[in-house]
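All remarks here apply to the structure that follows.
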């Protein structure tokens, strides 16, 4: 198996939120795809936030792509000069007001959508989290903080009420550490 060869790249969209690049690619068999679109984004983090009584802290927010409200783990982009662990702790604190005196545990790094996107999500677990402040949201964020027991979380996943793949993935991996 061999990699594809990029013959040409042109940016269709460049924005602070991400870029869309159009590549012309030659496949190993010689065929050429004239328009292969790649979405470029910064890496993301998400964090499974667990309280001392083993409740999980999530956020609920509107997601325009699916035009619905979604339960998700707190998370977001990694800022310049910030480690993934720092970003995970910062995002949890900003979005939920929860933090922990314990270090975050790395759950894994996962390709977001490797067929179309260049970025990764870095998932973490914060245990023994406690509420220390209110939310400090970005200008375009509107989030509700919700708290579920592990059993409630599992039921919501089974019933299809938690639809965000990265939330379900990190939750199931976190269960191996608790």
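Of the residues 161, 141, only one is within 20 Å of residue 78 (Cβ to Cβ) and assigned to a loop (DSSP other than H, G, I, E, B); which? I'd like the intermediate steps shown before the answer.
On the way: 161 fails: within 20 Å of residue 78 (Cβ to Cβ).
Unique residue meeting the criteria: 141.
Taking the criterion of being surrounded by 11 or more Cβ atoms within 10 Å (Cβ to Cβ) and more than 28 Å from residue 79 (Cβ to Cβ), the residues of region 1-21 that qualify are 4, 5, 6, 7.
Let's see how each residue does on (1) assigned to a loop (DSSP other than H, G, I, E, B); (2) closer than 19 Å to residue 170 by Cα:
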position	(1), (2)
34	no, no
49	no, yes
61	no, yes
66	yes, no
70	no, yes
81	yes, no
108	no, yes
124	no, yes
128	yes, yes
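Taking residue 52, is it touching a residue at least 12 places away in the same chain (Cβ under 8 Å) and not assigned by TED's automatic domain parsing to the domain that holds residue 140? For residue 52, the condition - touching a residue at least 12 places away in the same chain (Cβ under 8 Å) and not assigned by TED's automatic domain parsing to the domain that holds residue 140 - is not met.
Taking region 63-99, which residues are closer than 14 Å to residue 137 by Cβ and out of contact with any helix residue (DSSP H, G or I) (no Cβ under 8 Å at 6 or more places or on another chain)? 90, 91, 92, 93, 94, 95, 96, 97, listed by residue number.
Look through region 149-158, keep the residues that are in contact (Cβ under 8 Å) with a residue 60 or more places away in the chain and in a helix (DSSP H, G or I), and return whichever of them is surrounded by the most Cβ atoms within 10 Å (Cβ to Cβ).
First, the residues of region 149-158 that are in contact (Cβ under 8 Å) with a residue 60 or more places away in the chain: 149-150, 153, 156.
Among the residues that remain, those that are also in a helix (DSSP H, G or I) are: 150, 153, 156.
Working: 150: 15, 153: 21, 156: 17.
If we take residues in region 149-158 being in contact (Cβ under 8 Å) with a residue 60 or more places away in the chain and in a helix (DSSP H, G or I), then 153 is surrounded by the most Cβ atoms within 10 Å (Cβ to Cβ).
In this structure, residue 168 qualifies as free of Cβ contacts under 8 Å to residues at least 12 places away in the same chain, surrounded by 14 or more Cβ atoms within 10 Å (Cβ to Cβ) and in contact with a helix residue (DSSP H, G or I) (Cβ under 6 Å, 6 or more places away or on another chain).
Could you tell me whether residue 103 is more than 21 Å from residue 19 (Cβ to Cβ) and surrounded by fewer than 13 Cβ atoms within 10 Å (Cβ to Cβ)?
Details: more than 21 Å from residue 19 (Cβ to Cβ): yes; surrounded by fewer than 13 Cβ atoms within 10 Å (Cβ to Cβ): yes.
Yes; evaluated as a whole, the condition is true for this residue.
In the condition set (1) over 19 Å from residue 168 (Cα atoms); (2) assigned to a loop (DSSP other than H, G, I, E, B); (3) within 13 Å of the chain's Cα centre (by Cα), residue 113 is compliant with all but (1).
The values are calculated or read from the model by the stated rules, or taken from the named source; none is laboratory data. Note that the structure is predicted; figures quoted are calculated from it, not measured. Cβ: placed from backbone, ideal geometry, glycine included. Neighbour counts: every protein chain shown.
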